[in-house]
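This report refers to the structure that appears directly beneath it.
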Amino acid sequence: MNDLPPILVVDDEPRSVEVMARVLREEFDVHVANGAEAALAVLNAHWIQAIFCDQRMPGMTGVKLLADVRQRWPDIVRIIVTGYTDPDDMIEAINEAGIYQYITKPWHPDQLLLAARNATQLFAMQREHDRLSLELRLARPAVEKRLVRERALVRETYHFEALVRTQGSPLNETCHQAAKAATFDIPVLIQGETGTGKELLARAIHYASQRASGPFLAVNCGAIPDTLLESELFGHKKGSFTGAHANRRGLLEEADGGTLLLDEIGDISPAFQVKLLRFLQEGEIRAVGANESRRADVRILSATHRDLREEVRAGRFREDLYFRLAAMALTMPPLRKRPGDVRVLADHLLDTLSARHGRRVHGFTAEAMTCLMDYDWPGNVRELQNEVLRMLVLTEGDLLGADLLSPGVLHRVAGARASGHADGEAMESPTLSTPESGPLQERIERIEAQILMETIVRCRWNKSRAAKELGLSRVGLRAKLERYGIAPDAGRETIQ
Ligand SMILES: Nc1ncnc2c1ncn2[C@@H]1O[C@H](COP(=O)(O)OP(=O)(O)OP(=O)(O)O)[C@@H](O)[C@H]1O
């Protein structure tokens with residue numbers, strides 16, 4: 001028993017067998033047999049990878065033997081060794097016995113060794129292939145189960161409750177209307193500033209609709225020039241323009257049976273508005289360069305940061321297209337119009353981001369939360385998400401403090417507080433917001449922290465003035481500031 005690949009050499013001439021075996025023994029575990037019967041006995045007793053067989057043997061010929069081997073041990077690689085090179089014999093051998101190679105006598109030792117190496121490699125590759133196929137077959141139910149789980153997770157992720165908000169949030173009304181629209185197969189237009197969650201709402205509509213098991217696709221119409229947008233939506237034929245190397249299906253066809261979100265619809269050119277209108281009227285898609293049209297069953301949702309009615313009034317957007325897209329129009333309120341949502345959103349985003357990045361962080365200091373709530377969030381939830389991520393990246397402790405906020409946020413908060421919100425446009429949110437949930441003591445403490453923060457910033461970190469205003473001693477004020485983690489001196493440096 002050795003580790004060399006086992007092969008069998010068969011010939012009715014003992015001397016031929018011995019000469020071949022001598023050459024091959026250096027690299028292979030060589031078994032020998034004089035004649036077909038002896039060969040079958042070896043094959044029954046040993047695990048063999050390749051067989052070298054003389055063609056002309058008394059009794060059973062080499063081809064007959066190899067045809068039998070093919071039936072009983074199909075993975076053994078079969079090679080014929082012969083002194084005759086009749087093409088008909090060769091063809092018969094290949095057809096009948098599935099011969100891998102034909103070696104003619106007199107052979108060269110290198111030729112024999114090379115054939116044996118190739119044959120045993122082929123055997124190993126076949127084995128590996130069989131093993132992988134089996135693994136795949138066994139794994140398929142698990143893969144299918146995982147797909148079902150993932151699909152369920154997607155549905156769980158994109159539902160209306162995934163839009164985090166408080167009970168009194170104006171976003172509730174939008175979600176309420178969207179949930180109603182979801183069950184009607186109608187086009188819905190979602191308007192709102194950037195980062196307010198328009199795409200999240202569109203996904204929630206799709207997964208709450210009868211099309212939930214179909215695809216949800218989205219395209220940003222604002223980012224693509226007309227010609228590319230046409231090919232992206234409608235597809236193209238090979239050669240219809242430079243770079244069209246192959247036929248390509250458009251998103252409208254890919255989304256068949258599902259939903260397509262046309263994001264930034266307010267940015268499409270007048271020429272493209274006409275093309276889109278034609279599709280919405282006729283439900284037919286014609287790929288760029290194609291002669292024939294196809295039908296696609298797609299629900300169209302669209303979104304824009306513009307006021308599309310205003311665009312219609314200004315003559316920049318076709319009114320007929322507007323009505324095709326907006327069977328129902330929804331508006332996402334900006335974050336500054338729902339300051340009560342900032343706390344729950346910040347906590348939610350921190351939970352999600354810290355889990356995703358494997359960081360254990362307990363929350364925000366009162367001072368940091370007050371700043372987050374006092375900022376006006378022109379980039380809405382996306383900006384808040386980025387800010388929380390930044391704080392998470394920078395922190396070394398398990399509480400996120402105000403010192404981790406980006407200078408832009410701190411500057412605007414401090415500026416607005418110092419000017420008593422003179423620039424009302426920038427800071428519409430009230431300075432104080434009532435915590436919506438939690439035990440009474442905790443809520444009182446959060447309000448106390450907000451009052452302290454608001455006063456100390458307005459007094460430009462002058463503790464005597466702030467203490468006087470709040471009816472506290474300087475020592476009492478300092479104790480409270482320390483308790484809530486409000487560090488006026490550190491904050492002052494950052495803020496100014
Ligand atoms: N209410 C919310 N609750 C939780 N996450 C939200 C909420 N609103 C928005 N987000 C998150 O904020 C990010 C921006 O949301 P989304 O892309 O849906 O905004 P958008 O209005 O479509 O932005 P844009 O106009 O720039 O395309 C996403 O990561 C989204 O998951």
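Nothing in this text is a laboratory measurement; each read-out follows from the coordinates by a stated rule. Keep in mind the model is a prediction, meaning the values are calculated, not measured. Using ideal geometry, Cβ is built from the backbone for each residue, glycine included, and neighbour counts are taken over all protein chains shown.
The table for this structure:
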quantity: Alpha-carbon Debye profile of the chain, log10 I(q)/I(0) at 0.10, 0.12 Å⁻¹; calculated: -0.86, -1.04
quantity: Length-normalised contact order for the chain - Cα pairs under 8 Å, 6+ apart - percent; calculated: 10
quantity: Other-chain or far-sequence residues with amide H under 5 Å of ILE103's (modelled H); calculated: ILE80, VAL81, THR82
quantity: Value at 222 nm in deg cm²/dmol, rounded to 500, when DSSP H runs of n ≥ 4 in the chain each add -39,500 (n - 2.57); calculated: -16000 deg cm²/dmol
quantity: Over 32 Å between alpha carbons, listed pairs LYS145/LYS275; LYS198/LYS480; LYS238/LYS275; LYS180/LYS275; calculated: LYS145/LYS275; LYS198/LYS480
quantity: Residues whose placed amide H lies under 5 Å from that of GLY363, excluding near-sequence neighbours; calculated: LEU400
quantity: Unit charges at the beta carbon, dipole of the chain: most positive-side option, ILE444, ALA204, ILE300; calculated: ILE444
quantity: Hits among lysines - C-alpha to C-alpha of LYS105 under 25 Å, sequence gap 8 or more where chains match; calculated: LYS64
quantity: Once exposed loop GluC sites (Glu not before Pro) are cut out (DSSP; at most 16 other Cβ, 10 Å), longest piece of the chain; calculated: 28-291
quantity: Under the Karplus curve 6.51 cos²θ - 1.76 cosθ + 1.60, θ = phi - 60°, whole-Hz ³J(HN,Hα) for segment 235-241, x wherever Gly or Pro sits; calculated: x, 8, 9, 3, x, 6, 7
quantity: The chain - charge dipole about Cα centre, Lys and Arg +1 at Cβ, Asp and Glu -1, debye rounded to 20; calculated: 1880
quantity: Whether segment 6-127 is rounded, prolate or oblate, judged on the alpha carbon gyration tensor where a/c under 1.5 counts as rounded; calculated: rounded
quantity: Average Cα contact separation per residue, segment 160-333, under 8 Å, 6 or more apart, as relative contact order %; calculated: 33
quantity: Amide proton proximity set for GLY258, modelled H, under 5 Å, gap of 5+; calculated: ARG299
quantity: Cα→Cβ-extended label distance, 7 Å offset, between ARG15 and ALA223, nm; calculated: 8.0
quantity: Centre separation in Å (Cα based) which lies between segment 196-271 and segment 333-352; calculated: 30
quantity: Trypsin sites (Lys or Arg not before Pro) restricted to segment 216-270 and DSSP loop, no more than 15 other C-beta within 10 Å; calculated: LYS238
